[in-house]
Amino acid sequence: MKKFFKKNLLSNVFLLVSLILIIASFFYQDSNAWQYKIIFLTVVIYLASAILHHHFDKSLTFEVGLEYILIGALAFLVVFGLAI
Amino acid sequence: MKLSHFFLPHPETHKKAHLLSFKALFVYIAFFVILSLTFRGVNVYKPGVLGVESSVSQQELIRLTNVERQKNGLSPVTEDQRLNAAALAKAQNMFEEDYWAHFSPSGKDPWGFINGAGYKFTYAGENLAKSFYQSDEVVKAWMASRTHKENILNKHYQNIGIAVLEGTLNGEKTTLVVQEFGSPVDVAIAQAPEVQSIQTSAEVTTTESEEIAEASPAIVYSSPEVRAQTLIASEKQTSEDVLSDPYLAVKVAGLSLLFGLFLLIAVDLYIVRRRAIYRVTSSHLPHLALISVSASVLFNLSPGQIL
């Protein structure tokens, strides 16, 4: 269990950060500016933690990187699509 | 090709479901880009078709503003018909000149509208909002912004005027809210115009305004009857038109897609763990976390904007 957490440290940090950001999203629900800041910050941390995690894990391939970029872009676009 | 392969990992190769493939992700991204561009195109070529149907009420906005002031130990502001007229003139001008700003492209400023309505002030301020569904959303959004909150909680203001007007702005049907605050010049100050000028300028710097122009009547105001007719005409037009809400469409499509993706990734994670296979791929949990944040942000976003 300890090994699992150590191996997936960055992923677990991101999960914790995500939980905090979801709470922040509801806390600042009256401010669109905060919502945009939250999604931007989440995508940046998501990409950074994913690249570092797979780099240390020696499993960073083009396909793996592309998958993160596409899902990150989608999460970003879905939100910014509302800023029509 | 089996239908189950669209939703579940391949039973032999263990490849991800087709709906989680790169191609599928590109299709989802393309869909949202096209959806957004389509709405922009409709606003340009068919103005007034898309927009938000609002139920914002002027009296409710005044009440909620006073609730916020009283919560902070301030006296309530009273409705002033001249400020109502100034707010309405400002809203009409925004639709006429098609702008979303405190200062019009032709150089009209908020203080000109207030003075033009016959309200001589020592302190004045303006808050703007558009495309909100409900009155309480407008006041909450203003209170969440430092500068707008400062206007609402300004101890100098004694009067308020609000206009809620429907029209087409930048091709999109919207409901504009203009909130004007003011404190009238008293008799002593009125007799000394230079004092009024100094106090006005000092107050103006605490508003959203970037530039301070000398207030002067800049617009011809219609009579109350004409204004009432304008409002009624606007309401009639809205109820007859078939209005499509692009924000709701994007929200529903976005939340549906995120929910579907969440399920597909969760199922993939479950099956991969159950089969105890190793696959060089991205981690599932960060994807699920990101999708959750994205969904909560999308859920909490409002089409309303303040200025």
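For the stretch B:147-173, the residues whose backbone nitrogen is under 18 Å from a point 7 Å from the Cα of residue A:33, taken along Cα to Cβ, are B:147-154. Principal-axis analysis of the Cα atoms of chain A puts helix A:32-56 at an angle of about 10° to the longest axis. Accessible surface of the stretch B:1-108, 1.4 Å probe: 63 percent of it comes from carbon and sulfur atoms.
Full-extension gain between residue B:45 and residue B:170, please, as 0.36 nm times their residue separation minus the C-alpha to C-alpha distance. Could the numbers behind the result be given before it?
Working: separation 125, 0.36 × 125 = 45.00 nm, distance 1.10 nm.
Here the answer is 43.9 nm.
Using a simple spin-label model with pseudo-atoms 7 Å out from Cα toward Cβ, residue A:57 and residue B:266 lie 2.1 nm apart.
Provide B:137, A:63 ordered by accessible surface of protein heavy atoms (probe 1.4 Å), highest first.
Values: B:137 60, A:63 100 Å².
I get A:63, B:137, largest accessible area first.
Over 26 Å apart at the Cα level, from the set B:71/B:120; B:2/B:23; A:37/A:58, are B:71/B:120; A:37/A:58.
Our estimate of slack between residue B:74 and residue B:255, defined as 0.36 nm per intervening residue step minus the Cα-Cα distance, is 61.0 nm. Return the value, in Å² to the nearest 100, of accessible area buried between chains B and A (probe 1.4 Å, both sides summed). Summing both sides, the interface buries roughly 3800 Å². In this structure the stretch B:68-135 gives 34 Å² per residue of accessible area when probed at 1.4 Å with all protein chains present.
Can you give the extra length, in nm with one decimal, that the chain gains between residue B:7 and residue B:150 once fully stretched, where that is 0.36 nm per residue apart less the Cα-Cα distance?
Between residue B:7 and residue B:150, full extension yields an extra 46.2 nm.
Reducing the stretch B:1-51 and the stretch B:265-295 to their Cα centroids gives an inter-centroid distance of 20 Å. As a fraction of the 1.4 Å probe accessible area of the stretch A:26-84, surface on carbon and sulfur atoms comes out at 75 percent. Simple spin-label estimate for residue B:274 and residue B:98 gives 5.8 nm between the two label positions (7 Å along the Cα-to-Cβ direction from each Cα).
The stretch B:111-161 and the stretch A:1-75 have Cα centres separated by 39 Å. Across the cross-link table entries B:108/B:251; B:140/B:251; B:46/B:130, which are compared at the Cα atoms, the separations over 27 Å belong to B:108/B:251. Annotation: amide H of residue B:172 within the under-5 Å range of B:48, sequence separation 5 or more or interchain, hydrogens built in the peptide plane.
Using a 10 Å cut-off on Cβ to Cβ distances, tally the other chain neighbours for every residue of A:14-21 and report the average as a whole number.
On the way: counts 5, 5, 1, 2, 10, 3, 1, 6.
Per-residue shielding by partner chains comes out at 4.
Heavy-atom accessible area for residue B:79, with the other protein chains in place and a 1.4 Å probe, reaches approximately 70 Å². Between residue B:26 and residue A:26, the simple spin-label model (points 7 angstrom out along Cα→Cβ) gives 3.9 nm. Working from Cα positions, state the angle (0 to 90°, nearest 10) between the long axis of helix A:62-80 and the longest principal axis of chain A. Value to nearest ten degrees: 10. Against chain A, whose longest principal axis is taken from its Cα atoms, helix A:9-27 shows a tilt of about 10°.
The values are calculated or read from the model by the stated rules, or taken from the named source; none is laboratory data. As the structure is a prediction and not an experimental result, all values here were calculated from the model. Glycine also receives a Cβ, built like all others from the backbone with ideal geometry; neighbour counts cover every protein chain displayed. Just so you know, the surface numbers come from the protein's heavy atoms only, side chains and all, with ligands and any DNA or RNA stripped out. Shrake-Rupley method; radii C 1.70, N 1.55, O 1.52, S 1.80 Å.
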